[in-house]
1. So what is the relative contact order of the chain, in percent, for Cα pairs below 8 Å that sit 6 or more residues apart?
2. Explain nothing, just the number: relative contact order of the range 77-175, from Cα pairs under 8 Å at least 6 residues apart, as a whole percent.
3. What accessible area per residue, rounded to a whole number of Å², is obtained for the range 296-363 using a probe radius of 1.4 Å?
4. Tell me, what are the semi-axes, in whole angstrom and largest first, of the equivalent ellipsoid of the range 1-113 as set by the roots of 5 times the Cα gyration tensor eigenvalues?
5. Considering amide H positions built from the backbone, and no H for Pro or chain starts, which residues 5 or more places from His74, or on another chain, come under 5 Å of its amide H?
6. Compute the distance from the alpha-carbon center of the range 209-247 to that of the range 325-343, in whole Å.
7. With a 1.4 Å probe and every protein chain kept in, tell me what percent of the accessible surface of the chain is carbon plus sulfur.
8. Tally Lys/Arg at +1 and Asp/Glu at -1 over every other residue whose Cβ is under 15 Å from the Cβ of Asp337; what's the total?
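The values are calculated or read from the model by the stated rules, or taken from the named source; none is laboratory data. Because the structure is predicted, anything quoted here is derived from the model rather than measured. Reconstructed Cβ throughout: ideal geometry from the backbone, glycine too, with neighbour counts over all protein chains shown. Side chains included, ligands, DNA and RNA excluded: accessible areas come from the protein's heavy atoms. Shrake-Rupley method; radii C 1.70, N 1.55, O 1.52, S 1.80 Å.
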Amino acid sequence: RSAKCGACGPGYATPLDAMKGKYPNEIVYLPCIYRNTGIEKPDYLATVDVNPESPRYCQVIHRLPMPNLKDELHHSGWNACSSCFGDASKRRNRLILPSLISSRIYVVDVGTDSRAPRIHKIVEPVELFQKGNVANPHTSHCLGSGDILISCMGDPSGNGKGGFILLDGETFEVKGNWDNGGTIPPLGYDFWYQPRHNVLMSTEWGVPKAFRGGFDPADVEKGHYGRRINVWDWSTHAYVQAIDLGKGSVPLEIRFLHNPAAAEGFVGCALTSAVHRFYKTEKGDWAAEKVIEVPSKKVQGWLLPDMPGLITDILISLDDRFLYFSNWLHGDIRQYDISDTRRPRLVGQVFLGGSITKGGPVTVVEDKELQRQPEPFVIQGKRVPGGPQMIQLSLDGKRLYVSNSLYSAWDKQFYPELVKEGSVMLQLDVDTERGGLKVNKNFLVDFGKEPDGPALAHEIRYPGGDCTSDIWV
C-alpha cells in the first residue's frame, strides 16, 4: 500500500504519496437505487470491474441487495482512511452506506471479499432518532480518532436540521451527537474538516420534507433550500459562524484543498451555478468569494425560462491542481486549473447529455457560452439519458468516472427517460499535464440492463481511497 512505513494504517501518509500509490484500481462500488422507479426491489450496492485487462471489464460483477425497500442509498464513506494512517490497527474494510430517505445506515464488509461485499451491521433509523434526534444522514467521513462522523439533514419529523452523529468505528454503535448541544444550523448536507485550522465546514441542501417528493421552485422563496457554509470549531464542536452565499444558492459539495496545511477550499452551489472559494481571513474567521459562475441559459419548453447549469458535484485532484465539477442540467463536466485558487482557468470541458441537447424538447433562445445546442451524447450506439452528476477521480488523477443519477425524485422530474432507461457510468481520460478531458469510448456501464430492471446508480467509491473520501490530518 504505502512506502516502507513500519506500522502504517490505511491510506497514505500524504496526498502526493496517494497520487503515486500503486493501489490497483480494479473495482469500484456504486449504490443503485430503485426508489421512485416503479420497480419494487431494494436498493443495492454494485461492484463494477474497471480493469481494462479483465474479461469482465465494465460489467457489474456483484450485487448486494439491502434487506429493505425504498432506502434511497446515496453517498458512502469508509470506516478508516488516511486520517488514521498512523494507526496500524485500523483497516479500510467497511463501507458506511447511509440511506437518505429511510435514515438507515448499512455497514458493509468489503474486507473479507472485496469483490463480493456483504452486510456487516444495520443501524436502524430509531437509533438516530432516539440517540441524536436527527434523520436523513448524508455524508460519512472517518476520523483520526477511529470514530465515524455523519452529517444529517433533518430531524425525525422531516424538518431541516444540520446536525451530526458519531458512530463507534469498531462496533458501529451510535454514540450520540458530535455537535455540542448549542446552536445548530437549520439545514445540513455535506462537510469536510481540517484539524490544523481547528475547523469543520458544512453545507446546506434543503428541508427533507420539501425535497423528498421533487423540486418546487416556490420552496426556494420560502427558505426551504440552503444558502450558507456553516463553520464549526473542530475541538469544541460548537457552531461558530455562517457564511451566507446568497438566497437560492444551495451550496452542496464542499472540498478543502487536500494539503492539510491549506486554509482554503471550494464549494459548488447548485441553483446559482457558482463555485465559491472559502478561505481563512487574517483575523482568523472565514470568508468566501465567487470564483466561477456558469451563466444560466434562456430557454423555452422547460420548467422555468432560465435554466441553471445545476452544479451538483465537485472535486479536487490530490495535488490540488485541478478542480472538476458537473453541470447536471446543462450536461457538461468541466476541469479548471486552480494553481491560482483565486482565478480558476477552464482547461477541459465535455458534454455528456443534459437538458439542452439538439432535437430535444428544450430550445435555447439565449446562451452566453455556446454558439449552438450540443449534440446528444451517444456511446457504443446508446444515446445516454440524463446529465452528468456524481464524479470520482482515480488517485493518480488520470481517470474521471461519472454517473448520471442525482436523486430518484429529481431524476423522475427532470429526466423521466433516465428513470425508464436506467443510468450509466462513464470514464473520462484526463490530461494531467496541460488539462483536457476526453471520453473513453471503450468504457460504458449500462445500468439499464440490470437483472431486476433499470437502476439509478449514484456515488462511486474506490476500495483504495479516492479524491473525496480521504482527509489528511
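1. Values: 1363 pairs, mean separation 61.7, N = 473.
After rounding, I find 13 percent.
2. 23
3. Averaged over the residues of the range 296-363, the accessible area is 33 Å².
4. On the way: eigenvalues 179, 67, 22 Å².
Sorted largest first and rounded, they come to 30, 18, 11 Å.
5. Those qualifying (amide H under 5 Å, at least 5 residues apart or on another chain) are Leu100.
6. 23
7. Numbers: 8060 of 16910 Å².
About 48 percent, which is the carbon plus sulfur part of the accessible surface.
8. Combined, the nearby Lys, Arg, Asp and Glu give +2.
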